[in-house]
């Protein structure tokens with residue numbers, strides 16, 4: 001089972017589960033099984049991945065809007081919007097896997113964790129993006 005554990009930045013022992021690192025964020029860190037200290041992927045990596053998601057989302061939305069505004073003849077030859085969404089989801093999973101395998105864990109103190117918990121609103125943003133995407137698909141007849 002040790003092969004599925006990652007090294008804790010606090011105690012330098014293998015005590016953080018793979019999936020705990022995957023789900024860990026600066027506002028909701030993973031805890032080491034040995035020292036029970038908090039660690040997560042750094043803010044810099046999270047910021048870079050957020051920018052990648054924004055660029056990919058803008059790119060996907062641009063392609064969708066160009067297809068929606070094109071003539072019906074051109075729209076028949078265009079890719080279905082579901083393929084754009086699948087491509088964006090695949091991109092998301094690739095970036096998340098890269099963060100888990102290559103981004104180092106950063107040690108956080110308890111006060112840093114509490115401060116970050118109060119400023120987290122990613123769920124609200126994700127819901128807003130999903131609702132806007134659904135409305136755009138409905139308005140374009142998909």
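The values are calculated or read from the model by the stated rules, or taken from the named source; none is laboratory data. In this text the structure is predicted, and so the values were computed from the model without any measurement. Cβ coordinates were reconstructed from backbone atoms using ideal geometry, including for glycine residues, and neighbour counts include every protein chain displayed.
Just a few scattered comments:
- Restricted to strands (runs of 3 or more DSSP E) entirely inside the stretch 3-55, those with at least 1 residues that are touching a helix residue (DSSP H, G or I) at 6+ places or on another chain (Cβ under 8 Å), farther than 12 Å from residue 100 by Cα and touching a residue at least 60 places away in the same chain (Cβ under 8 Å) are 38-41.
Residues checked against (1) part of a helix (DSSP H, G or I); (2) loosely packed, with under 15 Cβ neighbours inside 10 Å; (3) modelled with pLDDT under 85; (4) out of contact with any helix residue (DSSP H, G or I) (no Cβ under 7 Å at 6 or more places or on another chain):
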{"site": "58", "(1), (2), (3), (4)": "yes, yes, no, yes"}
{"site": "61", "(1), (2), (3), (4)": "yes, no, yes, yes"}
{"site": "67", "(1), (2), (3), (4)": "yes, no, yes, no"}
{"site": "91", "(1), (2), (3), (4)": "yes, no, no, no"}
{"site": "94", "(1), (2), (3), (4)": "yes, yes, no, yes"}
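- The residues of the stretch 96-142 that are at pLDDT 80 or above, more than 30 Å from residue 70 (Cα to Cα) and assigned to a helix (DSSP H, G or I), listed by number, are 96, 97, 98, 99, 100, 101, 102.
- Output for the stretch 1-53, where each listed residue is surrounded by fewer than 17 Cβ atoms within 10 Å (Cβ to Cβ), closer than 21 Å to residue 94 by Cα and over 20 Å from the mean Cα position of the chain (by Cα): 4
- For the stretch 16-34, a residue qualifies if it is in contact with a strand residue (DSSP E or B) (Cβ under 7 Å, 6 or more places away or on another chain) and closer than 13 Å to residue 107 by Cα, and the qualifying residues are 16, 21, 24, 25, 26, 29, 30, 31, 32.
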